[in-house]
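Before any comments, here is the structure.
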Amino acid sequence: MLKEIAVKVFKDSELEAENFRNSTISKKFDFKVLIVCVTTALSLTLITYLGSHNNTIYVVDTFISNKWALKLKYLFHAGPYAQLLRLSHWVFILTISYLVIPIAIIKFYFKDSLKNYGLSFQNAFKDYRLYLMMLVFMIPLVFTISYTHSFQAKYPFYHLSSSESISSKFIVWELEYFFQFFALEFFFRGFVLHGLKHRFGFYSVFVMTIPYCMIHFAKPMPETIAAIIAGIILGTLSLKSKNIWLGFIIHCSVAITMDVCALWQKGLLHF
């Protein structure tokens with residue numbers, strides 16, 4: 001089934017790109033490709049440097065005031081919501097980089113509809129069987145990897161102490177965690193993929209997969225390798241369906257499975 005879908009998506013995408021290349025507009029400099037690629041590099045840079053709360057404190061201290069920097073340092077390190085605020089800060093920077101900036105570019109520079117970048121609900125759940133197949137494969141894999149020390153050290157991002165139960169702060173974090181997957185899917189399988197397909201056709205899937213793989217470099221190696229495979233599959237299915245919704249759902253499903261497995265392995269799965 002996957003092979004037939006990939007072949008069809010390949011032919012359709014390449015035909016669309018060939019039609020564009022044969023048009024007169026293709027002979028002009030492609031500012032759309034330039035903007036998508038530079039925005040990708042800029043967004044990843046912002047997340048890498050400003051996604052760290054320590055770097056944000058340094059920026060505030062350097063360009064605003066030491067007084068505000070000290071307040072932020074207290075909130076991020078000593079306040080009652082310190083861990084949640086650190087993680088929320090990361091989601092905030094990620095939202096700006098993956099969601100706000102691309103949406104602004106699509107609406108005000110490309111002057112295009114967001115539906116053309118993966119946010120259409122048309123045929124959104126048509127291929128649900130394929131995503132269920134991916135879940136059937138991924139969940140046992142996650143369970144197996146959950147026995148490794150590197151996995152348990154990484155997940156969940158919100159660390160619970162041995163005496164701490166699953167609280168409202170943890171639940172708030174999980175909701176934020178799910179939201180950042182929406183931003184991530186929109187950025188890679190929406191903005192980047194559909195922003196490049198007119199020029200690169202099916203090969204836009206592989207162009208998108210490169211930065212998508214790179215954002216996993218700080219995670220365990222098996223997860224990074226799995227991200228390459230997932231990037232190619234989810235990118236192909238996004239080209240087929242022209243939306244990101246099932247990719248978002250499978251990301252959330254795998255993520256909650258990872259967190260539950262990690263909590264279970266640590267003996268922290270209690271309320």
- Query: Among the residues of the stretch 234-250, is any assigned to a helix (DSSP H, G or I) and surrounded by fewer than 18 Cβ atoms within 10 Å (Cβ to Cβ)?
  - Reply: no
- Message: Looking at the stretch 208-222 only, could you name the residues that are in contact with a helix residue (DSSP H, G or I) (Cβ under 6 Å, 6 or more places away or on another chain) and either assigned to a helix (DSSP H, G or I) or at positive phi (or both)?
- Response: Met208, Thr209, Pro211, Tyr212, Cys213, Pro222
- Note on the structure: When the stretch 60-81 is checked residue by residue, the ones that are exposed (fewer than 14 other Cβ atoms within 10 Å of the Cβ), part of a helix (DSSP H, G or I) and β-branched (Val, Ile, Thr) are Thr62
- Task: Within the stretch 202-227, track down each residue that is within 13 Å of Arg189 (Cα to Cα), of a type in the set (A, V, I, L, M) and open to solvent by 20 Å² or more (accessible area, probe 1.4 Å).
- Result: Val207, Ile210
- Message: So the check is Cβ under 8 Å with 6+ separation or different chains; which pairs have a first residue in the stretch 246-265 that's of a type in the set (Val, Ile, Thr) and a second one that's at pLDDT below 90 and outside any helix (DSSP H, G or I)?
- Response: Val260/Leu269
- Exactly one of Val136, Val192 is closer than 22 Å to Thr236 by Cβ, in a helix (DSSP H, G or I) and either at pLDDT 95 or above or charged (D, E, K, R) (or both), and that one is Val192
- Considering only the stretch 139-169, state which residues are part of a loop (DSSP other than H, G, I, E, B), over 18 Å from Leu84 (Cβ atoms) and open to solvent by less than 60 Å² (accessible area, probe 1.4 Å). Ser146, Thr148
- Query: Gly231: in contact (Cβ under 8 Å) with a residue 12 or more places away in the chain and either charged (D, E, K, R) or touching a Gly at 6+ places or on another chain (Cβ under 6 Å) (or both), yes or no?
  - Reply: no
- Task: Scan the stretch 1-19 residue by residue and report those that are open to solvent by 40 Å² or more (accessible area, probe 1.4 Å), out of contact with any Gly (no Cβ under 7 Å at 6 or more places or on another chain) and in a helix (DSSP H, G or I).
- Result: Leu2, Lys3, Glu4, Val7, Lys8, Phe10, Lys11, Asp12, Leu15, Glu18, Asn19
- Selection status of Ile256, assigned to a helix (DSSP H, G or I) and farther than 18 Å from Phe178 by Cβ: no
- Write out, first by first residue and then by second, each pair whose Cβ atoms fall under 9 Å of each other, whose residues are 6+ apart or on separate chains, and whose first residue, in the stretch 52-66, is free of Cβ contacts under 8 Å to residues at least 12 places away in the same chain and among the hydrophobic types (A, V, I, L, M, F, W, C) while the second is open to solvent by 50 Å² or more (accessible area, probe 1.4 Å) and assigned to a helix (DSSP H, G or I). Val59/Tyr49; Val59/Leu50
- Note on the structure: Taking the stretch 27-44 and keeping residues in contact with a Pro (Cβ under 7 Å, 6 or more places away or on another chain) and either open to solvent by 30 Å² or more (accessible area, probe 1.4 Å) or among the acidic types (Asp, Glu) (or both) leaves Leu44
- Test: Val100 is within 16 Å of the chain's Cα centre (by Cα) and either over 25 Å from Ile215 (Cα atoms) or in a helix (DSSP H, G or I) (or both): yes
- Query: Asn123 fails exactly one of the following numbered conditions: (1) part of a helix (DSSP H, G or I); (2) within 26 Å of Val36 (Cβ to Cβ); (3) touching a residue at least 24 places away in the same chain (Cβ under 8 Å). What is the number of that condition?
  - Reply: (1)
- Query: Can you pull out the residues in the stretch 64-75 that are of a type outside the set (Lys, Arg) and either at pLDDT 90 or above or more than 30 Å from the chain's Cα centre (by Cα) (or both)?
  - Reply: Ile64, Ser65, Asn66, Trp68, Leu70
- Message: Given the options Val100, Val91, name the one that is open to solvent by 70 Å² or more (accessible area, probe 1.4 Å) and not basic (Lys, Arg).
- Response: Val100
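The values are calculated or read from the model by the stated rules, or taken from the named source; none is laboratory data. Since the model is a prediction, treat every value here as computed from it, not as a measurement. Every residue, glycine among them, receives a Cβ derived from its backbone with ideal geometry; neighbour counts consider all protein chains shown. For accessibility, only protein heavy atoms count, side chains too; no ligands or nucleic acids. Shrake-Rupley method; radii C 1.70, N 1.55, O 1.52, S 1.80 Å.
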